[in-house]
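Here the structure is laid out as structure tokens; the discussion comes afterwards.
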Amino acid sequence: DANDALKLIASELTALAHDADRTAFFGKLSGKEVLYILKEVPENPIITTATVGSTAPLYCTSLGKTLLAFLPEEQSNALLSDLEIKPRTRYTLKDKEALFQDLKLIRSRGYALDFREYEEHMVCASAPVYQRNGQLEGAVSISGFYRPEDDYAKAGQLIRQKASEISRLLGYQAASSSV
């Protein structure tokens, strides 16, 4: 049931926002954009422009890049062929080739980073959430102010672990592998 899934995800996002001391989001694909479905803030909120119900480009947000990277290849390629990349900040990927390379990296490490690509002062890490049947449900992310001393690989690992846990709670059972 979709409402039960959203309640479960919201509960997990609350814990994530508290543990990471970052704003946590859950987003889904909506046409050619990412739609922000849920948002949870830490005790000391970080102001972000993303609000529940708003949309953002796929190519410059961690949620969007996660969706592009982990959608079925045919669906991802169709979206990529239609994308028009318009820089939002000086850090936004400049062209589709750069985006293709970033998506390869995202798939290999299991999480995406928006390294000041959508908002100049923000860094976001995101990972995929799967339904019981193995289909992509959406993605979860954590967002915070850019600080050069922060360990963004650690943030990526945290969000990847949390997304895996949410997927498991939704009934998804990842295929066994020796990785």
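Data for the structure
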{"quantity": "Filter result for the condition that a residue is of a type in the set (Asp, Glu) and open to solvent by less than 80 Å² (accessible area, probe 1.4 Å), over Glu33, Glu73, Glu43, Glu84", "calculated": "Glu33"}
{"quantity": "Lone qualifier among Arg107, Arg147 - being part of a loop (DSSP other than H, G, I, E, B), within 27 Å of Thr92 (Cα to Cα) and not β-branched (Val, Ile, Thr)", "calculated": "Arg147"}
{"quantity": "Any chance Tyr130 is touching a strand residue (DSSP E or B) at 6+ places or on another chain (Cβ under 8 Å), open to solvent by 30 Å² or more (accessible area, probe 1.4 Å) and either at pLDDT below 95 or more than 25 Å from Ala15 (Cβ to Cβ) (or both)", "calculated": "no"}
{"quantity": "Selected residue (criterion: surrounded by the most Cβ atoms within 10 Å (Cβ to Cβ)) from residues of the range 113-127 that are among the hydrophobic types (A, V, I, L, M, F, W, C) and more than 17 Å from Lys162 (Cβ to Cβ)", "calculated": "Met122"}
{"quantity": "Residue within the range 39-52 that is assigned to a helix (DSSP H, G or I) and modelled with pLDDT under 95 present", "calculated": "no"}
{"quantity": "Identity of the residue in the range 55-75, farther than 20 Å from Ala163 by Cα and in a helix (DSSP H, G or I), that ends up farthest from the chain's Cα centre (by Cα)", "calculated": "Glu74"}
{"quantity": "Looking only at the range 133-154, and only at residues there that are open to solvent by 30 Å² or more (accessible area, probe 1.4 Å) and small (Gly, Ala, Ser), the one that is farthest from the chain's Cα centre (by Cα)", "calculated": "Gly134"}
{"quantity": "Residue in the range 1-30 that is surrounded by the most Cβ atoms within 10 Å (Cβ to Cβ), counting only those that are assigned to a strand (DSSP E or B) and among the small types (Gly, Ala, Ser)", "calculated": "Gly27"}
{"quantity": "Which listed residue, of Leu80, Leu99, is modelled with pLDDT under 95, part of a helix (DSSP H, G or I), of a type in the set (A, V, I, L, M, F, W, C) and over 21 Å from Asp151 (Cβ atoms)", "calculated": "Leu80"}
{"quantity": "Every pair of residues 6+ apart whose Cβ atoms lie under 6 Å, when the first sits in the range 67-87 and is closer than 14 Å to Asp102 by Cα while the second is of a type in the set (Lys, Arg) and assigned to a helix (DSSP H, G or I)", "calculated": "Ala69/Arg107"}
{"quantity": "Boolean, Gln157 is in a helix (DSSP H, G or I), touching a Gly at 6+ places or on another chain (Cβ under 9 Å), modelled with pLDDT of 95 or more and under 20 Å from Glu40 (Cα atoms)", "calculated": "yes"}
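The values are calculated or read from the model by the stated rules, or taken from the named source; none is laboratory data. Remember, it's a predicted structure, so these values are computed and weren't measured experimentally. Note: ideal-geometry Cβ built from the backbone for every residue, glycine included; neighbour counts use all protein chains shown. To get the accessible areas, we keep the full protein, side chains included, count just its heavy atoms, and leave off ligands, DNA and RNA. Shrake-Rupley method; radii C 1.70, N 1.55, O 1.52, S 1.80 Å.
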